[in-house]
Amino acid sequence: MPLHIKRLIGVFAIFIALFLVMRQVLRPSSFGELGHFRAKAINENALRPMHYTVADSCTKCHKDIRSDKDLGFHIKLKCEVCHGPGLKHALYANRFKNKELPDSLLLYKPGERKDCAICHNMNRARIKIQFDTINTTMVHQVNVMKHHVTDPKTKEALKCIDCHNPHQP
Amino acid sequence: MTEHLQNLYEVLSKVEGYVYPNEIELNWSILIVLYPYITGLVAGAFILASLERIFKVRILKPTYGIALLTAFSFMLVATMPLVSHLGKPLRAYEIMITPHSSSAMAIFGFVYLWYLMVVLFLEIWFDYRRDMVIWANGTTGFKRFLYKLLSLWTTDISPKAVALDDRIGYIVTVIGVPSAFLLHGYVGFIFGSIKANPWWSTVLMPVIFLFSAMVSGIALVMLIYIVLSKIRKQIVDMDCLDTIAKYLFYILIIDFTLEGLDQIHRIYVAEESFEALHKLVFGKLFYSLFIYQGLMGTIVPLLTLGTLQFYKPKAKIRRAIYLILPVLVLMGIFFMRWNVVIGGQLFSKSFYGYTTFKTGLIGTEGYLMAATWLIVPFLILSFLLWLLPPWKKIETSHE
């Protein structure tokens, strides 16, 4: 075999050997312990900060609202769908005198027209679904541009929540 | 917390209708468009080179070396869009050391290395070894060191050794053709096997990717050859260009037919996804699909090349056509990748909604980053052409 072929094979052999060494050295330490992945990745993900709480945790302090809501159309909506992530709020809200919460713990109160429009504005894609027995619009659709009520006296535009109680629409 | 909500509104302004939360942002951005594009150029350029080498289309000789070096330069960069798209680029090597046979993605590293090292590197090495030995004697300094290093400090250029090189090179090319098919068919396979996405999931995908790869690779080599001749102030070999154009024409026909077949099949079968895709195609993808890919990237080149098969205008006009057409074709194939990768993520799997693709100029996934990965291969190619100029090689007949 000519010299250059021998050397070429040598070079490839070195590469393959390096690769095998790399495989041993660089393999992440917890790889394969639980399956074909880094077992530590589970902990890393568990350590990420949480923002949302469980659905029922608001009831503890806001029982009235919960029971209001359970009587109305919004029964299936979770509180955090409208008010945003509330874990911190639910954990710490009762630690303040006079119930005066610092800004960082206050939740958003979605009272503007655009807030209700997220789900209720007309949208071509949100069509009626008609299966054998079910016949329903997914979410009641309102043309926000037309459904535009103003105060008869002051002529000021009203917000949705001036007429609809968001918790019991 | 208001900030959270603010973000939500911003995000929701991008979507129409019902979109699942994980579909709002496109996870596969412009960089993932580039990856099949660049691998396609590699496979295409290599197949053009192999036409000369194993299918003995001698007239393509002037482009053989250019095609090989082009394939090699683009191959070196092929993974970079993927790596820079990773959230943790420094972990990119892990795909190589923890392979798993059930994951097509995890096999990629090996398909890639096989093609880069065993096919492209070896073919170029055996092709240039004798010349490197000779050139090493005629140069000094760094260049001489490079030649010495690359030829592994061997000097055997006896006819017997050279004949052996040629034989091995030939065998490597023969292995290389199916490998090129594997490389690019594999890229199409990744998309085609995603059964949850009706825009991607078709068995034709690997084949379509393969033929569009050949189209783009051939167009690229054609363009580089013409531009290079201009720079070197050499006259271009018109017979060679005509032949390349002829192959481009044939393969473009096959590519067009396959893609047409795919679409006709979709229309005829009209699965439940059809309406959503129909809206997509005539809405957000209209320009990139019908105008850029279809009209400018396929129909115009097809008609022009078709006409050239029957009617040959003067060499000057043909040269101009051969300069413009590859650009159109390259653009068309780029938008083909775009339509596949981006288009496949614009509609919701609920088939009731659409999202929008926006990317900035800067940032790790911006247009500048993408442009960088398209320019770097040309820099590598310039270096390789300086180091291993195909036109200075001693004529071998590749028998």
Using amide H atoms built in the peptide plane, which far-off residues or other-chain residues are under 5 Å from residue A:142 H to H?
A:121, A:122
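Please give the contour-minus-distance gain from residue B:163 to residue B:312: 0.36 nm per residue of separation, less the Cα-Cα distance, rounded to one decimal in nm. Spell out each step's value before the answer.
Working: separation 149, 0.36 × 149 = 53.64 nm, distance 4.02 nm.
Answer, rounded to one decimal: 49.6 nm.
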CD proxy at 222 nm, helix term only [per DSSP H run n ≥ 4: -39500 (n - 2.57); per residue of chain A; nearest 500]
-10000 deg cm²/dmol
Taking the Cα of residue B:22, stepping 7 Å toward and past its beta carbon, and measuring to each backbone N in the stretch B:348-365: which are under 14 Å?
B:349-350
³J(HN,Hα) computed for each position of the stretch B:296-306 - Karplus, 6.51 cos²θ - 1.76 cosθ + 1.60, integer Hz, glycine/proline x:
6, x, 10, 5, 4, x, 4, 5, 4, 5, x
Starting from the Cα of residue B:319, step 7 Å along the direction of its Cβ; do the same at residue A:142; then give the gap between the two resulting points in nm.
7.2 nm
Taking a point 7 angstrom from the Cα of residue A:19 along the C-beta vector, which residues in the stretch B:81-109 have backbone N less than 11 Å away?
B:96-97, B:109
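Could you tell me which of rounded, prolate or oblate describes the stretch B:348-396, using a ≥ b ≥ c as the square roots of the eigenvalues of the alpha-carbon gyration tensor, with rounded for a/c under 1.5 and, failing that, prolate when a/b is larger than b/c and oblate otherwise? Don't skip to the end; give the middle numbers.
On the way: a/c = 8.21, a/b = 2.75, b/c = 2.99.
Judged from the Cα gyration tensor, the stretch B:348-396 comes out oblate (a/c at least 1.5, b/c at or above a/b).
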For residue B:353, enumerate residues with amide H under 5 Å from its amide H, sequence gap 5+ or separate chain, H modeled in the peptide plane.
B:18, B:348
Distance from the stretch B:41-56 to the stretch A:28-56 (C-alpha centre basis), Å
48 Å
Projected area averaged over all directions for the convex hull of the alpha carbon atoms of the stretch B:198-342, nm², comes out at 9.0 nm²
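What is the percent carbon and sulfur in the accessible area of the protein assembly as shown, measuring with a 1.4 Å probe over the protein chains and ignoring ligands?
Carbon-and-sulfur percentage of accessible area, whole number: 66.
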Please give the FRET efficiency for residue B:376 paired with residue B:231, using the beta carbon to beta carbon distance and R0 = 22 Å, rounded to the nearest 0.05.
0.70
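Going by a ≥ b ≥ c, the root eigenvalues of the Cα gyration tensor, does the protein assembly as shown fall in the rounded group (a/c under 1.5), the prolate group (a/b larger than b/c) or the oblate group? Walk me through the numbers before you get to the answer.
Values: a/c = 2.97, a/b = 1.89, b/c = 1.57.
Here the protein assembly as shown falls in the prolate category.
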Which three lengths, in whole Å and largest first, does the stretch B:35-125 cover when its Cα atoms are put on their principal axes?
47, 24, 21
Within 10 Å of each Cβ of A:4-12, how many other protein chain Cβ atoms are there on average?
5
Averaged over all viewing directions, the convex hull of the alpha carbons in the stretch B:169-239 casts a projected area in nm² of 6.9 nm²
Please check: in the Gaussian network model of chain B (C-alpha springs, under 10 Å), which one of B:256, B:145, B:191 has the largest mean-square fluctuation.
B:145
Could you tell me, in Å, what Rg and Dmax come out for the Cα atoms of chain B?
22.8, 79
If the cut-off is 23 Å between C-alpha atoms, which lysines fall inside it for residue A:114, apart from same-chain ones fewer than 8 positions away?
A:69, A:76, A:78, A:128, A:146, A:155, A:159, B:14
Simple spin-label model, 7 Å along Cα-to-Cβ: residue B:391 to residue A:59 in nm?
8.3 nm
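What share of Cα pairs, in percent, lie more than 21 angstrom apart in the stretch B:263-338? Mind showing how you got there, number by number?
Numbers: 1209 of 2850 pairs.
Of all Cα-Cα pairs in the stretch B:263-338, 42 percent lie more than 21 Å apart.
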Average accessible surface area per residue within the protein assembly as shown, 1.4 Å rolling probe, Å²
55 Å²
Answer rounded, prolate or oblate for the stretch A:36-108, using the Cα gyration tensor with square roots of eigenvalues a ≥ b ≥ c: rounded when a/c is under 1.5, else prolate when a/b is larger than b/c, else oblate.
oblate
Hz values of 3J(HN,Hα) by residue in the stretch A:95-104 - Karplus curve (6.51, -1.76, 1.60), Gly and Pro given as x:
9, 10, 5, 6, 6, 9, 8, x, 3, 5
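The values are calculated or read from the model by the stated rules, or taken from the named source; none is laboratory data. As the structure is a computational prediction, the values presented were derived from the model and not from experiment. Don't worry about glycine lacking a Cβ; one is built from the backbone with ideal geometry, like all the others, and counts go over all protein chains shown. Note: areas computed on protein heavy atoms with side chains; ligands, DNA, RNA excluded. Shrake-Rupley method; radii C 1.70, N 1.55, O 1.52, S 1.80 Å.
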